[in-house]
Amino acid sequence: MSEDFNMSMRKFLKQVGVTSQQAIEEAMRNAGATSGQKFEAKMVLTIDGLDMEHVVTGTIEGQS
């Protein structure tokens, strides 16, 4: 794969990670005390023009 491709993909994935973490943290703050709770999470990635859908699921533990 080309260097340009690798750089653009890494930049996109970094943006996804940073902005997703910020959104999750804000949602947790807005929810108040969530200690002891678990939240099922799902991330869906689609790419227009590639007919691609990638789903990642996991669990996020609440905070006090």
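Worth pointing out:
- Among the listed values (i) 1.10; (ii) 1.03; (iii) 1.19, the one matching Rg/Rh (Cα atoms, Kirkwood Rh) as calculated from this structure is (i).
- For the stretch 1-62: accessible area per residue (Å², 1.4 Å): 88 Å²
- The length gained on full extension between Ala41 and Val56, counted as 0.36 nm times the residue separation minus their Cα-Cα distance, comes to 4.6 nm.
- Accessible area of the chain belonging to carbon and sulfur atoms, whole % at 1.4 Å probe: 53 percent
- In the chain, the calculated helix contribution to ellipticity at 222 nm averages -16500 deg cm²/dmol per residue, counting -39,500 (n - 2.57) for every DSSP H run with n ≥ 4.
- Listed by chain and number, the aspartates and glutamates placed with their C-alpha closer than 19 angstrom to that of Lys38 are Glu25, Glu26, Glu61; residues fewer than eight positions away on the same chain are left out.
- Helix 3-31 axis, angle to the chain major axis (alpha carbon atoms, nearest 10°): 10 degrees
The values are calculated or read from the model by the stated rules, or taken from the named source; none is laboratory data. Quick caveat, the model's predicted, so the values are computed rather than measured. Heavy atoms of the whole protein, side chains included, go into the accessibility calculation; ligands, DNA and RNA do not. Shrake-Rupley method; radii C 1.70, N 1.55, O 1.52, S 1.80 Å.
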